[in-house]
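Structure record follows, encoded as structure tokens.
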């Protein structure tokens with residue numbers, strides 16, 4: 001039992017380099033903003049990339065679900081810009097398609113015309129916000145008085 005406790009404690013250890021802590025938090029923010037992803041994806045990705053898992057968990061929990069809805073108009077704007085589609089029309093088409101049910105939601109036309117611009121928009125916005133949080137937290141950890149020990 002003690003071995004399991006030590007493993008769990010080590011798994012979520014925050015005493016790490018500023019890069020790994022900031023990268024873990026940014027990764028959590030990224031997966032928290034992306035629709036449909038969450039804690040499990042964040043932990044697996046953080047473990048594979050050897051980022052700090054505790055800060056990754058904090059990032060995903062800080063941004064999970066609510067950030068998706070807040071970022072939706074911005075993602076529609078960015079995706080609409082890349083695909084030359086009006087953001088209002090994109091959101092309206094998404095809402096109409098969503099009401100039709102799952103059968104129509106994954107139709108080829110819907111995926112190409114509606115979901116792809118949203119995905120590209122969410123991806124672009126998520127990466128941008130994550131990079132901002134990475135550099136902000138890295139700067140605070142490296143040069144500020146914010147330390148985790």
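Some points to look at:
- Residue in the stretch 30-46 that is surrounded by the most Cβ atoms within 10 Å (Cβ to Cβ), counting only those that are without any contact (Cβ under 8 Å) to a residue 40 or more places away in the chain and farther than 19 Å from residue 138 by Cβ: 43
- For the stretch 66-80, the set of residues classified as in contact with a helix residue (DSSP H, G or I) (Cβ under 8 Å, 6 or more places away or on another chain) and surrounded by fewer than 16 Cβ atoms within 10 Å (Cβ to Cβ) consists of 73 only.
- Pairs linking a residue in the stretch 1-29 that is farther than 12 Å from residue 46 by Cβ to a residue that is outside any helix (DSSP H, G or I) and modelled with pLDDT under 90, with Cβ atoms under 7 Å and 6 or more positions apart or on different chains, are 14/148; 15/148; 15/149.
- Answer from 21, 14 - the residue that is surrounded by fewer than 20 Cβ atoms within 10 Å (Cβ to Cβ), at pLDDT below 95 and in contact with a helix residue (DSSP H, G or I) (Cβ under 7 Å, 6 or more places away or on another chain): 14
- Helices (runs of 4 or more DSSP H) contained in the stretch 47-142 and holding at least 1 residues more than 21 Å from residue 28 (Cα to Cα), without any contact (Cβ under 8 Å) to a residue 60 or more places away in the chain and within 22 Å of the chain's Cα centre (by Cα): 66-83, 87-100
- Of the set (1) under 16 Å from residue 130 (Cα atoms); (2) at pLDDT 90 or above, all apply to residue 80 but (1).
The values are calculated or read from the model by the stated rules, or taken from the named source; none is laboratory data. Keep in mind the model is a prediction, meaning the values are calculated, not measured. Here Cβ is always computed from backbone atoms with ideal geometry, including for glycine, and neighbour counts include all displayed protein chains.
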